[in-house]
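Taking it in order: structure first as structure tokens, then the write-up.
The values are calculated or read from the model by the stated rules, or taken from the named source; none is laboratory data. Owing to the predicted nature of the structure, the values given are computational and were not obtained by experimental measurement. With ideal geometry, Cβ positions are generated from the backbone for all residues, glycine too; neighbour counts draw on all protein chains shown.
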Amino acid sequence: MQDIFNKIIKLVKDNTFEVNDNCVKFSDSNYKAFKFDKNNFKIINNIDSKSKIAFIDGGSSEIIKSANFSLSLIRVYYGVYLENKKIKSGKKDFYSFTYAEDKDNELFYETEIISPNGKIIPDKDDLLLSSFDETIKQGIVRANISNMANLVRRFSELRIASVLTEQLESNDIIVLDGSLQCTFTNERKYMDELYQKAIGKNIIVCGLSKTTTLMTDRGNSIANALNKFGVTGKWLYNPVVEIKSNEHKADMSFVKLHERSKHIFRFEIYKEQKEKLNDVVNILSSNCKDPVFVGYPYGLIEADRNARVSNNEKGMMQTFFSVKFGKDWEKIKDSLTSIDAHEVLDKIT
């Protein structure tokens, strides 16, 4: 048995310490990676700034689901900070109802938005997608109808960011939760709308990703590869890659936003504004001192917390709707039981 443990330990060490990484690995020809270079590290400095930072995040929870429809609550939150003090915030809730529809012998997912907040909701024409759309399906099978809620939430986050540009001023900063890459069909329309409004008012658009699936050319994690350089303090690593994709108009970096942080994050800025990268990261790092998650912007911690729909809230809404449906609820429940087996097993476990 000891031989087995020794082999496992050797394999782990060999794939952690003995890996010589050259660059970030991209499979798309629109991405030209630069080789890792210690000279690409820039020290982050503490600076005083009067620029406001708006943090945006969204959440969703599926309330009712059947094989052919899905009702979700979508929530989008923003918080605006000046010198680390929150000066404004807002939270918008609405419902999205997605249903399956046959069009020319093909199954499509169409979504209706139920909301009083017309300015932040996506356009209805952008919410009709084939059930085999590559951006919502997983693997080779038809997309789960529940996946449409992720698309609606993302479009709404970008819409509320566009609305915020009307309230922000020159050199203010918008930080989205996640990257600036357009991953859904029709998403580019909302991203370009945001870019156009931001450029018009000289407002900087960025995105910070909690996690990244990117790896090095040797299959190593980016954090492990950069930590091997032994750079101390808080830093910005750039350039990483030249991006030529129209679906991803960004300049990519990696950042360590606090000297005591153990986390390295992927950070992106709209590529037309990359000359402001150093200043933006310096300003953002001042928002990363909260001991709850040192090295991560407090504004995004708060945005995540306020955008979440809790299980208790979900349960209350399910009860609310069951009462509203009255005696018809029992008939509706019959259409839901076909997908509830997994939940039963979870409860048994």
Inset, instruction - Sort through Leu345, Leu300, Leu277, Leu284 and tell me the only one that's outside any loop (DSSP other than H, G, I, E, B), at pLDDT below 80 and of a type in the set (A, V, I, L, M). - result: Leu345
Inset, instruction - Could you please find all residues in the stretch 150-169 being more than 18 Å from Lys124 (Cβ to Cβ) and either outside the structural domain of Ile199 (by TED's automatic domain parsing) or polar (S, T, N, Q) (or both)? - result: Thr165, Gln167
Legend entry - Conditions (1) touching a Gly at 6+ places or on another chain (Cβ under 7 Å); (2) within 21 Å of Ile204 (Cβ to Cβ): number failed by Arg75: (2)
Inset, instruction - Considering (1) at pLDDT 95 or above; (2) farther than 30 Å from Pro291 by Cα; (3) surrounded by fewer than 18 Cβ atoms within 10 Å (Cβ to Cβ); (4) not acidic (Asp, Glu), say which one Gly219 fails and leave the rest. - result: (1)
Legend entry - Scan of the stretch 92-111 for residues that are of a type in the set (Asp, Glu) and either in contact with a Leu (Cβ under 8 Å, 6 or more places away or on another chain) or not assigned by TED's automatic domain parsing to the domain that holds Leu129 (or both), ordered by number: Asp93, Glu101, Glu110
Inset, instruction - Could you tell me whether Pro239 is surrounded by fewer than 15 Cβ atoms within 10 Å (Cβ to Cβ), out of contact with any strand residue (DSSP E or B) (no Cβ under 7 Å at 6 or more places or on another chain) and modelled with pLDDT of 95 or more? - result: yes
Inset, instruction - Only strands (runs of 3 or more DSSP E) wholly contained in the stretch 69-138 count here; list those with 2 or more residues that are surrounded by fewer than 16 Cβ atoms within 10 Å (Cβ to Cβ) and of a type in the set (Lys, Arg). - result: 85-103
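Residue-wise test of (1) closer than 24 Å to Ile56 by Cβ; (2) without any contact (Cβ under 8 Å) to a residue 12 or more places away in the chain; (3) in contact with a strand residue (DSSP E or B) (Cβ under 9 Å, 6 or more places away or on another chain).
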| site | (1), (2), (3) |
| --- | --- |
| Ile114 | yes, no, yes |
| Asp125 | yes, yes, no |
| Leu128 | no, no, yes |
| Gln138 | no, yes, no |
| Arg153 | yes, no, yes |
| Arg159 | yes, no, yes |
Legend entry - strands (runs of 3 or more DSSP E) lying entirely in the stretch 226-268 (those with 3 or more residues that are within 21 Å of the chain's Cα centre (by Cα) and assigned by TED's automatic domain parsing to the domain that holds Cys182): 250-256
Legend entry - Cross-chain or 6+ apart pairs with Cβ under 6 Å, the stretch 284-312 first and closer than 17 Å to Lys85 by Cβ, then in a helix (DSSP H, G or I) and at pLDDT 95 or above: Asn287/Tyr298; Asn287/Gly299; Asp290/Tyr298
Inset, instruction - Could you list, in sequence order, all residues of the stretch 21-35 that are in a loop (DSSP other than H, G, I, E, B) and either assigned by TED's automatic domain parsing to the domain that holds Ala223 or in contact with an Asp or Glu (Cβ under 6 Å, 6 or more places away or on another chain) (or both)? - result: Asn22, Cys23, Lys25
